[in-house]
Amino acid sequence: MMTKKSNSSQSGARDYNSSLSSLQPIDSSPFKPVSSGWMVWGSVFLMWMLSLLPWRLWLVAPDLLLLVLCFWTFHEPRRINMLVGFSLGLSLDVHGGALLGEHALSYVLAIYGVGVLRRRLLLFNPFVQLIHLLPIWVVALSVSRFAHAWFAGEWAGWDWLWSAVLMAALWPIVDLLLLLPHRRLDDADESSS
């Protein structure tokens, strides 16, 4: 009689262990794959080169370099930081003949704002993220424009606000394009399992 109890208790323990071992996590890959350094730095370099073209002097033109820097600060904060933004902003100031530090200041402020809100933004899709990012870009660009107005003695008007709005409109497109290699890998992983 005692042997039956021990057998039933052992089989119950086996059932309990087997049911626990059969549990699968909701997300089997809790960490998103790290982006390739070539992808990160290649896109930053391409946008920096595009920013050197004269179309950038138009006030309404979106700052594509700032957009890509904010994107990679959001997705790869260990690769793109405030020092990178400061350096690239300084290079644009030197190239464009603007006040030294004007773009560097706005890039550092925007990257800092994205870094502060990063954990919160990870919870949302790109369309909700752009609602959170628009005030960051408006503040970063306004500090730059007000500093330019103060030191240069000329006010360019409020047309530069359209630049921030266009950057916000481009955010989902940039998110789609720059994360496309990850999405293709995720689709391939799902189809193989």
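Kindly provide log₁₀ I(q)/I(0) values, in the same order as q = 0.12, 0.13, 0.15 Å⁻¹, from the Debye equation applied to equal alpha-carbon scatterers of the range 64-177.
-0.40, -0.47, -0.62
Stretch V116-S36 to full length: gain in nm at 0.36 nm per residue minus the Cα-Cα span? All intermediate terms of the calculation are to be shown ahead of the outcome.
Details: separation 80, 0.36 × 80 = 28.80 nm, distance 2.37 nm.
Roughly 26.4 nm would be gained on extension.
Across the range 82-95, in residue order, what do the Karplus-derived ³J(HN,Hα) couplings come to in whole Hz, using 6.51 cos²θ - 1.76 cosθ + 1.60 with θ = phi - 60° and x for Gly and Pro?
5, 5, 5, x, 5, 5, 5, x, 5, 5, 5, 5, 5, 5
Kindly list the residues of the range 81-97 that lie in the label zone of I173, defined by a backbone N under 15 Å from the point 7 Å along the Cα-to-C-beta vector.
Residues passing the 15 Å test: none.
Every number in this text was worked out from the coordinates using simple rules, so none of it is lab data. All figures in this text were calculated on a predicted structure; none of them were measured in a lab. Neighbour counts run over all protein chains shown; Cβ positions are idealised from the backbone, glycine included.
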